[in-house]
Amino acid sequence: DMRVGALEETLTVTGDTPLVDVQSTARSQVLSRETLDAIPTGRSFQSVGQLVVGVQLTRPDVGGSQGMQQTYFSVHGMTARNTTVQVDGMMMNSTRGDNQVNPYFNDAMSQEISYETTGAGADVSAGGVRINMIPREGGNKFSGAFFTAFAPGSWQSNNLTQHLKDQGLTVVGKVDKIYDVNFSIGGPIKQDKLWFFTSGRKWGVDSPVADTFFTPAGSSYPAAYAQCKAGTINCDQGLDDQQIKSAMLRLTYQISPKNKLGMYYDRLYKTRGHDMLAGYDPATASFTWRSPVYYTTQIKWTSTVNNKLVVDAGYGSNVNVTVQNMQEGIEQTRGSAAWYANASRLDRHSGLLWAAGGNIPPFVPTKMV
């Protein structure tokens, strides 16, 4: 027995997202791991951050060319001192340069990076860019990744124009090579309870410095420098060689369904073979850098009390001991006759500096906590 069914009506309501958020003034951009891997940048939070609308860098970082000497953010007229750098929501700024010089981070450790340019919450006192790096934790499945990149100097064009030659410039600053090797692996130590994530990275930039030359040993620097510029003798261009090594480990412990404990340690070692400016003698007037103690670390406990209350408690530190020295064989016992004889020499007309570096004493440690 078939009967006619009842007549029914369906009402569909649709709504468009408003163009202007009337609930919040916050403006943030979240870059996932897939996006960070896909964008051809220098793999640092600075080089990636220059892609965010409204953010400016003090110097553009093209392909990681500024990866060894940091560039700084500015937004809405705020200086780099107003930038806030966080890992998992905890501030990791250094005190060096009044907060603008920040530590280096292993790129592989971040699952995503959030850039907030306006409307930050009450937990941020500064009004500049807020960067929050959300770390990777491992998980119940073993997985890993490997990244490597290399850029030779032959890929770079020569911008030594006739106008620059007329000003007396003979060799320009450039890039000799950029390299980056980064691997990572993570997985379970105990299923659903304890996970690990570890990564190692080595990256560096070798940059020839404009109008610097390695002159023949034993020669008078001003005279030999003039011959190098004129091309009467063959001289290698002075090289600013720099690299950073990083080894980091993160452990995550799920204490209970509502309590989680996370901790990480990132050990870095930075070296710089020849810190100098144009006209410096690389063999005598440049400085070497090394960081015998350089690390960032964090421990954080998170508890979800109920649907409306989450409690975070943690500790983080950023420690950097930097040592700067003159080139090997240049340092002399302070106050000795050889020390006075090796005093720095500066030609104010040409800007040449030789015999010994002139801007810092032989040993300058700095520590940031």
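Say whether the condition of being touching a residue at least 60 places away in the same chain (Cβ under 8 Å) and hydrophobic (A, V, I, L, M, F, W, C) is met by at least one residue in region 130-139. Checking region 130-139: at least one residue is touching a residue at least 60 places away in the same chain (Cβ under 8 Å) and hydrophobic (A, V, I, L, M, F, W, C). What's the total number of residues in region 93-139 that are closer than 27 Å to Lys245 by Cβ and open to solvent by 40 Å² or more (accessible area, probe 1.4 Å)? Summing the residues that are closer than 27 Å to Lys245 by Cβ and open to solvent by 40 Å² or more (accessible area, probe 1.4 Å) in region 93-139 gives 9.
Given the criteria open to solvent by 50 Å² or more (accessible area, probe 1.4 Å) and in contact with a helix residue (DSSP H, G or I) (Cβ under 9 Å, 6 or more places away or on another chain), does Phe142 qualify? It would help to see each step written out before you state the result.
Details: open to solvent by 50 Å² or more (accessible area, probe 1.4 Å): yes; in contact with a helix residue (DSSP H, G or I) (Cβ under 9 Å, 6 or more places away or on another chain): no.
The answer is no for Phe142.
Within region 47-60, restricting attention to residues that are polar (S, T, N, Q) and modelled with pLDDT under 85, which residue is least open to solvent (accessible area, probe 1.4 Å)? So that I can check it myself, show each step before the final result.
Step one: list which residues in region 47-60 are polar (S, T, N, Q), which gives 47, 50, 56, 58.
When the remaining residues are screened for being modelled with pLDDT under 85, the result is 50, 56, 58.
Working: Gln50: 62, Gln56: 121, Thr58: 86 Å².
Ranking the qualifying residues of region 47-60, first place goes to Gln50.
Being under 30 Å from Ala356 (Cβ atoms) and touching an Asp or Glu at 6+ places or on another chain (Cβ under 9 Å) is the filter here, so list the residues in region 295-334 that pass it. Residues satisfying the conditions are Gln324, Asn325. Of the candidates Ser291, Ser303, the single residue that is among the small types (Gly, Ala, Ser), at pLDDT 90 or above and under 25 Å from Lys202 (Cα atoms) is Ser291. The strands (runs of 3 or more DSSP E) falling completely within region 273-354 that include 2 or more residues that are small (Gly, Ala, Ser) map to 287-306, 309-326.
Do you know which residues across region 235-275 are basic (Lys, Arg) and open to solvent by 30 Å² or more (accessible area, probe 1.4 Å)? Before you say what the answer is, go through the steps one by one.
Our first condition is that a residue be basic (Lys, Arg); within region 235-275, this holds for 245, 250, 258, 260, 267, 270, 272.
Residues satisfying the conditions are Lys245, Lys258, Lys260, Arg267.
I'd like the residue in region 161-192 that is open to solvent by less than 40 Å² (accessible area, probe 1.4 Å) and part of a strand (DSSP E or B) and, out of all such residues, is farthest from Gly138 (Cα to Cα). Residue satisfying both the conditions and the ranking: Ile178.
Residue pairs whose Cβ atoms lie under 6 Å apart, sitting 6 or more positions apart in sequence or on different chains, and linking a residue in region 89-115 that is closer than 21 Å to Lys300 by Cβ to a partner that is assigned to a loop (DSSP other than H, G, I, E, B) and open to solvent by 30 Å² or more (accessible area, probe 1.4 Å), are Asn93/Asn99; Ser94/Val101; Gln111/Arg136.
The values are calculated or read from the model by the stated rules, or taken from the named source; none is laboratory data. It should be emphasised that the depicted structure is a prediction, and the values quoted were computed from it without experimental measurement. Glycine gets a Cβ as well: all are built from the backbone with ideal geometry, and neighbour counts include every protein chain shown. The protein model used for the area step is the full one, side chains on, heavy atoms only, and it has no ligands, DNA or RNA in it. Shrake-Rupley method; radii C 1.70, N 1.55, O 1.52, S 1.80 Å.
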